[in-house]
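The values are calculated or read from the model by the stated rules, or taken from the named source; none is laboratory data. Note that the coordinates shown come from a computational prediction; the quantities given were computed from them, not determined experimentally. Neighbour counts are summed over all protein chains in view; Cβ atoms, including those assigned to glycine, are modelled from backbone coordinates with ideal geometry.
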Amino acid sequence: MVLRVTGMVEREVELDFASLLAKPLIERHVTIACVSNPVGGDLIGNARWLGWPVRELLGQAGPRAEADMVLSRSADGWTAGTPLEVLTDNRDALLAVGMNGEPLPLEHGFPVRLVVPGLYGYVSATKWVTELKVTRFADDAAYWTPRGWSERGPIKTSSRIDVPRGGRSVPAGTITFGGVAWAQHTGIGKVELRVNRGPWREARLAPGISVDTWYQWTLDVDLTPGQYEVQVRATDLRGASQDEEQRPVAPDGATGFHTVRVDVKS
Ligand SMILES: Nc1nc2c(c(=O)[nH]1)N[C@H]1C(S)=C(S)[C@@H](COP(=O)(O)O)O[C@H]1N2
Ligand SMILES: [Mo]
């Protein structure tokens with residue numbers, strides 16, 4: 001495997017797999033998400049990634065001042081367009097070679113992939129990556145851009161109810177609701193639940209691993225027998241709440257509150 005840095009750079013750089021493994025690698029927990037994840041869906045997951053910050057490699061090449069995008073290309077020709085700034089700031093976007101303490105699995109991009117906190121996979125998470133072309137959004141388009149998806153893809157703050165499962169019946173009394181919430185690279189400040197569109201009630205948050213990972217939450221609610229609609233809402237650490245309006249996944253990610261129906265039995 002050889003990874004090339006090309007395009008608007010002072011000098012083109014080549015990196016082979018052995019040289020990459022010899023770099024000072026770091027580990028980061030990052031929750032990556034697919035833009036096609038519907039509200040409440042499971043196209044999102046957290047992993048511990050081992051890799052070398054991509055800003056180090058880009059730094060060796062020396063991007064020119066006019067460049068604003070990196071078009072990353074995989075062995076099979078797929079491309080993603082990522083803002084240069086996101087790859088070079090302090091968020092530790094990685095050239096990942098390991099996942100959860102093991103070599104990167106083939107289906108997740110072996111030998112090397114990009115993992116970029118805060119951006120949907122289609123604009124950042126190139127698997128089997130072979131080239132980083134430093135370019136401009138005005139000059140290059142990534143694979144999904146002409147296919148109806150937004151050029152930029154920051155992950156939208158969202159939350160999910162995992163238990164009790166929607167549509168299940170549960171015994172009356174104290175019911176523990178639980179799930180996850182995410183606002184990658186900002187962090188979650190608050191998660192709230194409401195029952196039958198009543199007042200929002202603040203859930204307990206587990207300490208996050210980092211602002212780039214999802215946070216677990218839980219809330220005990222006393223419910224008598226009946227049918228209930230339960231909704232969740234996340235607010236990030238800057239005080240911005242997730243968008244209530246229901247939008248589809250295209251062109252830049254779904255919005256709306258995850259809503260489950262719970263049948264409480266006597
Ligand atoms: N080479 C390549 N990389 C890719 C893709 C692809 O189709 N080809 N899909 C992207 C998208 S849309 C997502 S959501 C993530 C999914 O990563 P995972 O398979 O490790 O979950 O990979 C990204 N990297
Ligand atoms: Mo995706």
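Overview of values
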item: Strands (runs of 3 or more DSSP E) within the range 129-190 that include 3 or more residues more than 30 Å from Gly62 (Cβ to Cβ); result: 158-163, 169-171, 173-182
item: The range 164-199 - residue that is within 30 Å of Leu119 (Cβ to Cβ) and of a type in the set (A, V, I, L, M) and, of those, farthest from the chain's Cα centre (by Cα); result: Leu193
item: Positions within the range 212-255 being of a type in the set (Lys, Arg) and surrounded by 13 or more Cβ atoms within 10 Å (Cβ to Cβ), in sequence order; result: Arg233, Arg247
item: Among the residues listed as Glu27, Glu14, Glu56, the single one being over 24 Å from the mean Cα position of the chain (by Cα) and surrounded by fewer than 18 Cβ atoms within 10 Å (Cβ to Cβ); result: Glu14
item: Gly166 vs. criteria outside the structural domain of Pro38 (by TED's automatic domain parsing) and out of contact with any Asp or Glu (no Cβ under 8 Å at 6 or more places or on another chain); result: yes
item: Residue in the range 171-180 that is crowded, with 18+ Cβ neighbours inside 10 Å, within 16 Å of ligand 1 (Cβ to nearest atom) and not β-branched (Val, Ile, Thr) present; result: no
item: Odd one out for Gln184, checked against (1) more than 17 Å from Pro154 (Cα to Cα); (2) in contact with an Asp or Glu (Cβ under 6 Å, 6 or more places away or on another chain); result: (1)
item: Odd one out for Leu132 among (1) surrounded by 22 or more Cβ atoms within 10 Å (Cβ to Cβ); (2) farther than 17 Å from Arg4 by Cβ; (3) more than 8 Å from ligand 1 (Cβ to nearest atom); result: (2)
item: Residues being more than 11 Å from ligand 1 (Cβ to nearest atom), more than 13 Å from Arg136 (Cβ to Cβ) and surrounded by fewer than 21 Cβ atoms within 10 Å (Cβ to Cβ) - total across the range 64-90; result: 3
